[in-house]
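Have a look at the structure below before the remarks.
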Amino acid sequence: MFDLLVTNATLPDGRSGMSLAVQDGKFVAVDAGLLAPAEETLDAQGLLVSPPFVDAHFHMDATLSYGLPRVNQSGTLLEGIALWGELKPLLTLDALIDRAMTYCDWAVGKGLLAIRSHVDICDPRLLAVEALLEVKRRVAPYLDLQLVAFPQDGVLRDPQGMDKLKRALTMGVDVVGGIPHFERTMAEGALSVKLLCELAAKQGKLVDMHCDESDDPLSRHIETLAFETQRLGLQGRVTGSHLTSMHSMDNYYVSKLLALMTEAQVHVVSNPLINITLQGRHDTYPKRRGMTRVPEQLAQGLTVAFGQDCVMDPWYSLGSGDMLEVASMGLHVAQMTSQAAMRQCFDAVTINAAKILQLPAYGLAPGCHADFVLLQARDPVEAIRLRATRLKVFRRGRVVAQTPASTATLQLPGRPGSTAWMA
Ligand code: FE2
């Protein structure tokens, strides 16, 4: 007798009429039409059952701080960084933990059960590191939180940057971060990439750098990141986040760069909501979109994820932890409107992001953790179109969040009594 049997599910790969059997928090069978006794059964009624959403790029130390100590009036990246600098000395451990815990509640409600969060390590107190390590411990039963040591002020530009970053790793932060385009010079940026990759290689850590988050076509730190990755044998363990300068780069140069990235198996995280709002700000018209070259990277065989990056913080006043909103924006900005490309956008907030985080036992297959979301949609494209309601969110085979189906009651002459926006 299984603990749980989900029947009549459609899976993101298109298989329909599927049953998923759960025992001891893991999937033990995933087969078409399987019927077997179970403690509990759930008829998915042909709706989409997806592995949980995964956010490959977030800033949980800044989230929900909107308005503290003031609102970003211009909405620009640079005012956001300045504002974060004003807020940092005012942060308290309890407030950081409270806001992050609230955000994790939001995330679970949206079926988002794994987040890679950068944590700023430039505060000498390392208060945010302490807070997010505590949050990671508290949410572990229901959400995987992976932390990146992020030197917001530049690991070399800040004289104690490297020491503080190493301290954060010693405290238990998982991933080595960086921000080469924010160092004083291109040379210092390249040096930071080299030093940080060497540190990661030595300590057996993953790497995820904010890389080339600018519209400067000559911001080419991704080249150094790919070079250091292959030089140090870190293939598949390194991620370039943002890479917005690739949008503006010379096409011939990009044709070489993509091959170097492929050789190094560097992963890509694009943050569509933030990139479309913060990039191109120095332009008049035409105004660049500023998102990295996602379809070309995917065509090259690179793993690309979409991240949320910010929710109600100094850089961005909006957001709710809805990875379908993120996927929708990525789809639009990159013009990924073919049937295959729209499904790739769904993968960018699920399986691709899970691969980048190296999440163990993720997915809808026997042996994987029974973590999944029942969506009020019939396929991934419809899920993106509707930002579908997360009817039920499961962690290790147990419900952790539920939302009533989204339906409008209509009072119209000669028309149906309700609609759920499905043709
Ligand atoms: Fe970021």
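The values are calculated or read from the model by the stated rules, or taken from the named source; none is laboratory data. As the structure is a prediction and not an experimental result, all values here were calculated from the model. Positions of Cβ are generated from backbone atoms using ideal geometry, with glycine treated the same way; all protein chains shown enter the neighbour counts. Just so you know, the surface numbers come from the protein's heavy atoms only, side chains and all, with ligands and any DNA or RNA stripped out. Shrake-Rupley method; radii C 1.70, N 1.55, O 1.52, S 1.80 Å.
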The conditions are (1) outside the structural domain of PRO124 (by TED's automatic domain parsing); (2) outside any loop (DSSP other than H, G, I, E, B); (3) polar (S, T, N, Q), and GLN45 fails exactly one of them. Which is it? (2)
Of the residues in the stretch 307-333, those that are within 16 Å of the ligand (Cβ to nearest atom) and open to solvent by less than 10 Å² (accessible area, probe 1.4 Å) come to GLY307, GLN308, ASP309, CYS310, VAL311, ASP313, PRO314, GLY321, MET323, VAL326, GLY330
Tell me the residue from SER74, SER19 that is open to solvent by 10 Å² or more (accessible area, probe 1.4 Å) and either small (Gly, Ala, Ser) or touching a helix residue (DSSP H, G or I) at 6+ places or on another chain (Cβ under 8 Å) (or both), please. SER74
Quick one: how many residues across the stretch 282-306 are modelled with pLDDT of 95 or more, open to solvent by 20 Å² or more (accessible area, probe 1.4 Å) and either in contact with a His (Cβ under 8 Å, 6 or more places away or on another chain) or in a loop (DSSP other than H, G, I, E, B) (or both)? 10
Output the residues belonging to the stretch 171-198 that are assigned to a helix (DSSP H, G or I) and open to solvent by 10 Å² or more (accessible area, probe 1.4 Å). MET171, HIS181, PHE182, MET186, ALA187, GLU188, ALA190, LEU191, LYS194, LEU195, GLU198
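In the list VAL22, VAL28, VAL71, which residue meets the criterion of being at pLDDT below 95, among the β-branched types (Val, Ile, Thr) and either in contact with a Phe, Trp or Tyr (Cβ under 6 Å, 6 or more places away or on another chain) or more than 16 Å from the ligand (Cβ to nearest atom) (or both)?
Values: VAL22 fails: at pLDDT below 95; VAL28 fails: at pLDDT below 95.
Answer to the check: VAL71.
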Can you say whether ILE384 is in contact with a His (Cβ under 6 Å, 6 or more places away or on another chain), surrounded by 13 or more Cβ atoms within 10 Å (Cβ to Cβ) and either within 30 Å of LEU78 (Cβ to Cβ) or touching a residue at least 24 places away in the same chain (Cβ under 8 Å) (or both), as far as the supplied structure shows? no
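Sort through THR239, THR229 and tell me the only one that's part of a helix (DSSP H, G or I), polar (S, T, N, Q) and in the same structural domain as PHE58 (by TED's automatic domain parsing).
THR229
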Checked PRO295, PRO360 against criteria (of a type outside the set (A, V, I, L, M), farther than 29 Å from ALA420 by Cβ and without any contact (Cβ under 8 Å) to a residue 24 or more places away in the chain); the one match is PRO360
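Output the number of residues of the stretch 384-423 satisfying the condition of being hydroxyl-bearing (Ser, Thr, Tyr) and under 23 Å from the mean Cα position of the chain (by Cα). Explain how you work it out, then say what you get.
Filtering the stretch 384-423 for residues hydroxyl-bearing (Ser, Thr, Tyr) gives 389, 403, 406-407, 409, 418-419.
Checking which are under 23 Å from the mean Cα position of the chain (by Cα) leaves us with 389, 403.
Total meeting the criteria: 2.
Quickly run through the stretch 9-32 and pick out the residues that are part of a loop (DSSP other than H, G, I, E, B) and either among the acidic types (Asp, Glu) or not assigned by TED's automatic domain parsing to the domain that holds HIS369 (or both).
Restricting attention to the stretch 9-32, the residues satisfying the condition of being part of a loop (DSSP other than H, G, I, E, B) are 11-17, 24-25.
Across the stretch 9-32, the qualifying residues are ASP13, ASP24.
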Counted residues in the stretch 77-107 being open to solvent by 10 Å² or more (accessible area, probe 1.4 Å) and either assigned to a strand (DSSP E or B) or under 25 Å from PRO404 (Cβ atoms) (or both) come to 4
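For the stretch 199-214, how many residues are open to solvent by less than 60 Å² (accessible area, probe 1.4 Å) and either of a type outside the set (D, E, K, R) or away from the ligand (no atom under 16 Å from the Cβ) (or both)?
Taking the stretch 199-214 first, the residues open to solvent by less than 60 Å² (accessible area, probe 1.4 Å) are 199-201, 204-214.
Add one more test, that the residue is either of a type outside the set (D, E, K, R) or away from the ligand (no atom under 16 Å from the Cβ) (or both), and what stays is 199-201, 204-207, 209-211, 214.
Residues that pass the stated criteria total 11.
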Kindly list the number of the only condition in (1) open to solvent by 60 Å² or more (accessible area, probe 1.4 Å); (2) at pLDDT 95 or above that fails for LEU147. (1)
